[in-house]
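Asker: Can you read through this structure? Questions will come right after.
Derivation of every value follows stated rules applied to the coordinates shown; laboratory data play no part. This one's a predicted model, so the numbers in the text were calculated from it and none came from an experiment. Glycine gets a Cβ as well: all are built from the backbone with ideal geometry, and neighbour counts include every protein chain shown.
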Amino acid sequence: MRHTEFDYIITGGGSAGCVLANRLSADPSIQVLLLEAGGADHHPLFHVPAGFAKMTKGIGSWGWNTVPQTHLKNRVLSYTQAKIIGGGSTINAQLYTRGVPADYDDWEHDAGARGWSFRDVLPYFKRAENNQRYANEYHGYGGPLGVSYPISPLPICEAFFQAGQELGIPFNPDFNGAHQEGLGYYQLTQFNARRSSTSVAYLRPVEDRPNLTVQLRTHVMRVVLENGRATGVEVASRGSALTQFLRARREVIVTSGTIGSPKLLLHSGIGPAAHLSAVGVPVVHDLPGVGDNLQDHLDLFVIAECTGDHTYDKYNQPHRAAWAGLQYLLWKKGPAASSLFETGGFWYADKNARSPDIQFHLGLGSGIEAGVARMRNPGVTLNSAYLRPRSRGTVRLASADPAAAPLIDPNYWADARDRELAIDGLRLAREILRQPALKRFVMAERLPGDAMKTDADLFEFACAHSKTDYHPVGTCRIGPATDRTSVVTPDLRVIGLEGLRVADASVMPLVPSCNTNAPTIMVAEKAADHILGRLD
Ligand SMILES: Cc1cc2nc3c(=O)[nH]c(=O)nc-3n(C[C@H](O)[C@H](O)[C@H](O)COP(=O)(O)OP(=O)(O)OC[C@H]3O[C@@H](n4cnc5c(N)ncnc54)[C@H](O)[C@@H]3O)c2cc1C
């Protein structure tokens with residue numbers, strides 16, 4: 001018989017949810033239920049690093065878009081968010097970055113997230129980590145999450161580092177170490193040439209625990225509240241028109257992601273009262289900050305044509321793809337072992353910034369991600385993103401129906417400074433690709449193209465081609481209970497309610513200066529200690 005009552009119910013098996021399922025069920029006396037709307041990750045593309053090339057094109061995701069972006073000439077951007085066990089960690093580009101200590105010190109000092117300074121969070125990054133190279137002040141090994149360097153980098157990557165040095169940007173062997181500045185290889189969430197998602201790293205090793213239940217293809221419709229306490233969730237399983245109530249004896253832990261978590265709270269009647277009333281959801285708990293404070297990195301990119309087959313574009317031909325597959329099967333090397341974005345770095349658009357404010361991702365090909373042009377001849381892509389945006393957006397409901405897509409408004413470039421610095425970052429990316437060291441590999445820039453010179457030209461280009469960097473955070477932000485814009489207190493409890501926490505990327509009050517998977521895993525690791533009473 002299926003249980004309908006558990007100690008903890010976790011609403012989303014993404015990067016954070018799988019970590020929590022593992023950590024909470026480590027105590028055999030605690031009954032844990034992990035619910036995930038998406039399905040299993042059996043398909044090999046979720047495990048072979050180069051499978052990322054398919055991931056932003058619809059597989060394992062919700063299929064959401066933004067609302068028209070006012071400051072990007074009303075363009076609607078595709079907004080890939082994971083719907084699969086492991087969440088973003090199953091479909092992401094596998095870059096393992098943490099940002100800089102000041103990011104977390106800002107959480108504590110500027111946003112009131114007491115206990116989340118870098119000194120506080122570093123042990124959780126290390127606890128998660130099974131780093132294959134480093135064991136030092138910044139890195140640990142023996143944790144669940146495989147972290148390793150690229151296995152088969154290409155010669156163009158080394159030339160990219162030299163090009164940086166020609167511009168005064170040093171080589172950096174570890175962006176997660178003492179300094180973030182420079183170009184270099186990214187550490188990747190990979191182990192033994194396979195993706196190390198939280199599904200693989202945290203869930204699979206413990207899926208036989210009798211006190212852990214994992215239910216896939218199950219949509220949490222709402223959190224049920226009785227007298228100010230979360231008592232369980234209402235769910236709908238695929239293929240059934242009926243909903244079911246599942247009781248949580250201790251807590252409901254919301255881990256549905258930066259878009260999904262505020263969406264779920266709003267459907268549960270927790271959020272800004274005026275908005276809930278406007279869409280016809282009965283107000284249970286007026287909490288104005290739910291769905292506010294959305295922050296994301298907006299990505300711009302340069303695409304150049306190569307002088308020959310220097311990137312992985314040639315593997316779009318079926319016979320070459322077959323050879324790549326064989327190389328991978330036999331030797332765990334070659335193109336299929338590459339996440340296609342394994343090289344990049346951090347530098348300054350604002351020379352006075354406290355730490356790098358631009359991040360680069362070198363894409364070993366063209367057209368790797370949805371919405372990015374593919375060259376007819378072999379190409380290379382250099383993405384640049386401004387890392388500390390001041391623009392703030394929202395997640396709102398389109399209707400009271402939990403099955404309806406939410407209204408996602410990152411509000412990119414609402415603050416003009418974000419636009420100026422992002423365009424400076426794009427110019428830097430162009431400069432890097434034009435350096436002498438890359439002449440052997442790079443024939444000519446094709447996008448934006450030499451004719452696009454002025455800020456106005458590059459703004460036009462950005463309006464037509466910019467894309468999300470997939471780093472939304474902030475919509476259920478941590479902050480002091482006295483601040484009306486906070487959603488959770490530093491121990492991740494929803495303000496004003498009992499038995500309910502949020503523990504995923506949505507609680508980050510400010511987007512860190514990096515990709516957001518490792519920070520989310522850190523949040524979940526620390527959340528487990530809060531929930532289990534190991535922190536005050
Ligand atoms: C395409 C892509 C590429 C990225 N590349 C990188 C990268 O290279 N490096 C990096 O560090 N970061 C990257 N990121 C970002 C990173 O993966 C995310 O920040 C991280 O996964 C967020 O974790 P989360 O647990 O907050 O949410 P998610 O991992 O999105 O998990 C939320 C889960 O909840 C489920 N869910 C939502 N609503 C419900 C509901 N009502 N009922 C049941 N289940 C529900 C979802 O299906 C999902 O599985 C990328 C993200 C994407 C999408």
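Asker: If I take the Cα coordinates of the range 211-285 and project them onto the principal axes, what are the three extents in Å, biggest first?
Answerer: Taking max minus min along each principal axis of the Cα atoms, the range 211-285 gives 39, 28, 25 Å.
Asker: How many lysine pairs in the chain, separated by 8 or more positions in sequence or lying on different chains, have Cα atoms less than 14 Å apart? Show your work: numbers first, answer last.
Answerer: Working: LYS57/LYS83; LYS57/LYS467; LYS73/LYS467; LYS126/LYS526.
Going through the chain pair by pair, I get 4.
Asker: To continue, here is another question. Would you mind calculating the relative contact order of the chain from Cα pairs under 8 angstrom and at least 6 residues apart, reporting the percent as a whole number?
Answerer: Values: 1364 pairs, mean separation 118.3, N = 536.
22 percent.
Asker: While we're here: Only helices at least 20 Å long along their own axis, judged from Cα atoms, and with Kyte-Doolittle mean hydropathy of 1.0 or greater: name those in the chain from DSSP H. Please report the intermediate quantities before stating the final value.
Answerer: Details: long enough: 416-433 (26 Å, -0.16); 517-531 (21 Å, 0.16).
None clear 20 Å together with a mean of 1.0.
Asker: Report, in deg cm²/dmol and to the nearest 500, the calculated mean residue ellipticity at 222 nm for the chain, where each DSSP H run with n ≥ 4 adds -39500 (n - 2.57) and the sum is divided by the residue count. Please list the in-between numbers first.
Answerer: Details: 12 runs with 128 residues, N = 536.
That calculation yields -7000 deg cm²/dmol at 222 nm.
Asker: For the chain, give me the percentage of DSSP beta bridges that are antiparallel, rounded to the nearest 5 percent.
Answerer: Of those bridges, close to 65 percent are antiparallel.
Asker: Also: Given Cβ point charges of +1 (Lys, Arg) and -1 (Asp, Glu) and nothing else, what value in debye, to the nearest 20, does the dipole of the chain about its Cα centre take? Each step should come with its number before you reach the end.
Answerer: Working: 53 positive and 53 negative charges, 245 e Å.
Dipole of the chain, to the nearest 20 debye: 1180 debye.
Asker: Restricting to Cα atoms and excluding each atom paired with itself, what does the Kirkwood estimate give for the chain in Å? Before the final figure, lay out each step's value.
Answerer: Working: mean 1/r = 0.0430 Å⁻¹.
Final number for the Kirkwood radius of the chain is 23.3 Å.
Asker: I would also like to ask the following. Debye calculation, C-alpha points only, no solvent: report log10 I(q)/I(0) for the range 167-325 at q = 0.20 Å⁻¹, in the same order as the q values.
Answerer: Log10 I(q)/I(0), no solvent term: -1.34.
Asker: Something else about it: Taking the square root of 5 times each eigenvalue of the Cα gyration tensor, what semi-axes in Å does the equivalent ellipsoid of the range 333-377 have, largest first? Spell out each step's value before the answer.
Answerer: Working: eigenvalues 151, 42, 11 Å².
Three semi-axes, in Å: 28, 15, 7.
Asker: Hey, can you grab everything whose amide H is under 5 Å from the amide H of SER61? Only 5+ residues off in sequence or another chain; H modelled, so Pro and N-termini drop out.
Answerer: Excluding prolines and chain starts, which carry no amide H, the hits are LYS83.
Asker: Let me ask something else. Bin all alpha-carbon pair distances of the range 1-89 at 5 Å intervals from 0 and give each bin's fraction as a whole percent.
Answerer: Computed distribution, short to long bins: 3, 13, 17, 17, 15, 12, 11, 7, 3, 2, 1, 0.
Asker: How much length would be gained if the chain were fully extended between ASP450 and ALA135, taking 0.36 nm per residue of separation minus their Cα-Cα distance, in nm to one decimal?
Answerer: 108.9 nm
Asker: Still on this structure, I have one more. Calculate I(q)/I(0) for the range 362-490 by the Debye formula, one identical point scatterer on each C-alpha and no solvent, and give its log10 at q = 0.12, 0.14, 0.19, 0.21 Å⁻¹ to two decimals.
Answerer: -0.63, -0.79, -1.16, -1.32
Asker: Which cross-chain or sequence-distant (5 or more) residues have an amide H under 5 Å from the amide H of ASN293, H modelled 1.01 Å from N in plane?
Answerer: Those qualifying (amide H under 5 Å, at least 5 residues apart or on another chain) are GLY393.
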